[in-house]
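A.B. asks: Have a look at this one before I ask anything.
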Amino acid sequence: MSIRERLIGKMKSLPADKLEEVAGFVQFLELKEKDQSGLAEYGMGDYLNQLSACEEMLAAGKIKWSQTGETLS
């Protein structure tokens, strides 16, 4: 008997509230796996979104570019 079959058998005997906990844990595992696989991509995506926002503000004249090492104002 596989682990999947054993787990399904055990879940069949659980009350509804415990099944909700199992479902929540499964969802947690799925999200955890997804987050780990896309972690680097997410970080870069956030960076690119911020860069794009800065470019738009520069183009609109809302901020000025400084070449002297100062921060954007």
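A.B. asks: Please go through (1) at pLDDT 65 or above; (2) part of a helix (DSSP H, G or I) for Gly61 and return the number of the only condition it doesn't satisfy.
C.D. replies: (2)
A.B. asks: Taking the condition of a type in the set (A, V, I, L, M, F, W, C), within 19 Å of the chain's Cα centre (by Cα), surrounded by 10 or more Cβ atoms within 10 Å (Cβ to Cβ) and at pLDDT 80 or above, does Val26 pass?
C.D. replies: So Val26 fits the description; yes.
The values are calculated or read from the model by the stated rules, or taken from the named source; none is laboratory data. All values derive from a computational prediction rather than experimental measurement. Neighbour counts are summed over all protein chains in view; Cβ atoms, including those assigned to glycine, are modelled from backbone coordinates with ideal geometry.
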